[in-house]
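Read the structure below first, then the notes.
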Amino acid sequence: MSVIVLTLLGLVFGIGLGYAAIRFRVEGNPLVEKIDAVLPQTQCGQCGYPGCRPYAEAIAADEAEINQCPPGGDAGVRALADLLGRDPLPLNPDNGVAADGPQMVAVIDEETCIGCTKCMQVCPVDAIAGAAKHIHTVLNAYCTGCELCLPPLCPVEKCIVMAPEETSIREWKWPSPEAPAARSAA
Amino acid sequence: MAESGSAGREKRGMKKLWRFGGGVKLSGHKTVSDPAKVQRAPLPKRLYLPLRQHIGAPAEPVVEVGSYVYKGQVLAVSSAFVSAPVHAPSSGTVIAIEKHTMPHQSGIAEECAVIETDGADRWHPDIAPLPRPGLLSADELRARIREAGIVGLGGAVFPSAAKLKPPRAIDTLILNGVECEPYITCDDALMRSRPEEIVRGLLLVQRVVESAECIIAVEDNKPEAIARMRDAVEKLRASGVGGSDAIEVVAVPTRFPAGGEKQLIKVLTGKEVPQGGLPYEIGIVCLNVGTTAAVYDAVYEGRPLVARIMTVTGPQIRQPANFEVLIGTPVQDMLDAAGGVVSDAHTLIMGGPMMGTRLPHGQVPVVKASNCILVENAALADRQPAMPCIRCGTCATVCPINLLPQQLYWHARGKAYDKLDRHHLADCIECGCCAVVCPSRIPLVQYFRYAKTEKAAQEARDAFADQSRVRMQLREARLARLAREQEERKAKRKAARLGKKKTKVPIDQAGPATREMAGEAREVVA
């Protein structure tokens, strides 16, 4: 009797789990999504992977350390460490230093642009508009400041440079009251 | 100095008043600038008109550089619902439309129209009083208010035409003449000099929002202004002007920040504006006395908002006074008009000592929101070093919003934005009561402002990251599609070539190359 009951139970649960596995199947690795959400999405490739998502996949697969992303900075490493339950590491200096200061955007000098389309093709977020042998321009609102379009990719000297993005009064941030400059100024 | 408040009831004269929690009693310094007299400011050589002096979309210039403009002529307009046009405050030539430092803590420059005045101060010939203002419909009045560029002159500069189109019925219209900040006396001066215009403007607004009740609220430290306003209402009543029976002038107890919109509503009606909400949600519209005076000018005189009354005051100015000043006048000109500064050890503040904005220098224009230029001692403005928080809790007893400033301070230092949310940082009105009573002299408001903007920046960064992620995915999808299409085209070409050869060119008659390719193709097919 007990054998029959257990077999039946096993069958019922087996069918239930099998159905659930199909019905509630999760596409892809949910951990990759979570890691990707923490990464800054600059898509600069400084980590050695062609974009933030490939890096997230590498972290999820335990192929990469969590300290490879300079745009994320130390705060980014801490966020990844929190997410994955690991110890924070110092940022890998081989990949570059953490960005500090205002958001930088690429600016094309329209006088010098020869319309080679190289920058357009490499821009990971399609933030450069233009056509062959026509002037290109950067759409500031989309530029992540990844610097992939800078020379030596750009064949012309001083055609494409990085410049700090202009802040409007609406985006202006109050200085920290703990910063020495702020204390005397405010 | 501080006196903690409790939410009790008080009876004063006719009207039952409530109390808002918290608040502080401050020394007024109201006699420094004499509110009995309004001087006319000298006409400045140049006027700088920022194209965005209001909340909402910036106005677009409609004049060209080099063109002559009359006083009151439109310089810039916008089609957005929440926006306001900008007018020329005096006649002259538009010499530039360029970036100029704004009267803002940051010292950031924004687009301004620069007018070189010709000294004639000639009104535009089309400017004339509206015929029969008594017969205008609510929509016509609203359109007029919008065309005149009127924004809330209490400081928030929200376009009035948008405010006067609330999505629900309004029971109570409150006219705010409280002016609770120390030093500022511009509204007091306005109420003393133009009481009837203020009330007539109020009646026009009352027609627009169709409110049953109108309350004019003045702090009880301004007895002269209260008397003038009562006289004006009495006079209109005696002459039988419609709607004037519904107006009541109420003296409210002096306690900072009684002039805050939400605090004033609580005092007058006992109602509280819902969290994150606006007064119209509980059937109330609140306007500054300056705003209805501007409405009067717009309708009865046909004049747009090009000037306002502004106080120039403080311990570091020689002749403190109230001025009728043209919008766009450089602050430096106003300092000169008030006799100049006493010494270089001064700090310029636009607004009051509690909630004002520190100006980067005097070369910034007066805007529609500018109620006061406070020339403060530099030594006073620079705080003594802050000591550690002793958790005495005094800040919590004076907070008019019933927040817990010490907890907010703690979490702001720790950058714990989720906890700041839970303690309702967004509801902080930055009135500064907590910082005034803090025995450790902690600049609490600075911490809150910093945390607010940091949090907003964080959210903007997250939104930008999401956008970049989507754009990257779209690009990858596009590249994949292009590659696939190219493959398909290649395959199609190959297939087409193969088909052509099979039907038209016998393989043995074609050249060796063709034969080779055909052989390959055959292999592929096989």
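See the values below:
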| quantity | calculated |
| --- | --- |
| Flag if residue A:151 is within 12 Å of another protein chain (Cβ to nearest Cβ) and assigned to a loop (DSSP other than H, G, I, E, B) | no |
| Residues (among the hydrophobic types (A, V, I, L, M, F, W, C) and away from every other protein chain (no Cβ under 14 Å)) located in segment B:472-498 | B:491, B:495, B:496, B:498 |
| Hits in segment B:315-350 (condition: surrounded by 18 or more Cβ atoms within 10 Å (Cβ to Cβ), closer than 30 Å to residue B:23 by Cα, away from every other protein chain (no Cβ under 14 Å) and not aromatic (Phe, Trp, Tyr)) | B:316, B:317, B:320, B:321, B:322, B:346 |
| Options A:137, A:117: the member that is surrounded by 12 or more Cβ atoms within 10 Å (Cβ to Cβ) and at positive phi | A:117 |
| Filter result for residue A:25 (farther than 23 Å from residue B:458 by Cα and either among the basic types (Lys, Arg) or in the same structural domain as residue A:149 (by TED's automatic domain parsing) (or both)) | yes |
| Qualifying residue in segment B:485-501 (condition: surrounded by 14 or more Cβ atoms within 10 Å (Cβ to Cβ), modelled with pLDDT under 85, at negative phi and not hydrophobic (A, V, I, L, M, F, W, C)) | yes |
| Residue within segment B:368-385 that is closer than 24 Å to residue B:51 by Cα, buried (at least 18 other Cβ atoms within 10 Å of the Cβ) and either within 14 Å of another protein chain (Cβ to nearest Cβ) or touching a His at 6+ places or on another chain (Cβ under 8 Å) (or both) present | yes |
| Complete set of residues in segment B:250-276 that are within 23 Å of the chain's Cα centre (by Cα), at pLDDT 90 or above and among the polar types (S, T, N, Q) | B:263 |
| Enumeration of residues in segment A:154-171 that are within 11 Å of another protein chain (Cβ to nearest Cβ) and at pLDDT 85 or above | none |
| Those residues of segment A:112-121 which are outside any loop (DSSP other than H, G, I, E, B) and either within 15 Å of residue A:156 (Cβ to Cβ) or at pLDDT 90 or above (or both), in sequence order | A:118, A:119, A:120 |
| Residue in segment B:149-157 that is over 30 Å from residue B:31 (Cα atoms), in the same structural domain as residue B:272 (by TED's automatic domain parsing) and not hydroxyl-bearing (Ser, Thr, Tyr) present | yes |
| Any chance residue A:50 is on the phi < 0 side of the Ramachandran plot, surrounded by fewer than 18 Cβ atoms within 10 Å (Cβ to Cβ) and within 12 Å of the chain's Cα centre (by Cα) | yes |
| Verdict on residue A:146 being in a loop (DSSP other than H, G, I, E, B), surrounded by 15 or more Cβ atoms within 10 Å (Cβ to Cβ) and in contact with a Cys (Cβ under 9 Å, 6 or more places away or on another chain) | yes |
| Residue in segment B:39-47 that is over 14 Å from residue B:304 (Cβ atoms), surrounded by 23 or more Cβ atoms within 10 Å (Cβ to Cβ), modelled with pLDDT of 90 or more and in contact with a Cys (Cβ under 6 Å, 6 or more places away or on another chain) present | no |
| Hits in segment B:191-225 (condition: of a type in the set (Asp, Glu) and over 16 Å from residue B:177 (Cβ atoms)) | B:210, B:213 |
| Qualifying residue in segment B:96-116 (condition: touching a residue at least 60 places away in the same chain (Cβ under 8 Å), more than 14 Å from chain A (Cβ to nearest Cβ), in contact with a strand residue (DSSP E or B) (Cβ under 9 Å, 6 or more places away or on another chain) and of a type in the set (S, T, N, Q)) | no |
| Test result for residue A:36, within 24 Å of residue B:479 (Cα to Cα), buried (at least 18 other Cβ atoms within 10 Å of the Cβ) and within 14 Å of chain B (Cβ to nearest Cβ) | yes |
| Any hit, segment B:401-420, residues being under 27 Å from the mean Cα position of the chain (by Cα), among the hydrophobic types (A, V, I, L, M, F, W, C), over 30 Å from residue A:72 (Cβ atoms) and crowded, with 23+ Cβ neighbours inside 10 Å | no |
| Filtered residue count, segment B:231-246, keeping only those that are within 17 Å of residue B:173 (Cα to Cα) and in a helix (DSSP H, G or I) | 4 |
| Qualifying position, being surrounded by fewer than 22 Cβ atoms within 10 Å (Cβ to Cβ), touching a Leu at 6+ places or on another chain (Cβ under 9 Å) and on the phi > 0 side of the Ramachandran plot, among B:283, B:302, B:276 | B:302 |
| Selected residue (only one of A:37, A:58, A:21 is in a helix (DSSP H, G or I), modelled with pLDDT of 85 or more and over 30 Å from residue A:149 (Cα atoms)) | A:21 |
| Test: residue in segment B:421-431 that is in contact (Cβ under 8 Å) with a residue 24 or more places away in the chain, over 30 Å from residue B:337 (Cα atoms) and over 25 Å from the mean Cα position of the chain (by Cα) | no |
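Condition check ((1) farther than 30 Å from residue B:375 by Cα; (2) of a type in the set (A, V, I, L, M, F, W, C)) across all residues:
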residue	(1), (2)
B:182	no, no
B:209	yes, yes
B:249	yes, yes
B:260	no, no
B:276	yes, no
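The values are calculated or read from the model by the stated rules, or taken from the named source; none is laboratory data. These numbers come from a predicted model, not from an experiment. Note that each Cβ is placed from the backbone with ideal geometry, even for glycine, and that neighbours are counted across all protein chains shown.
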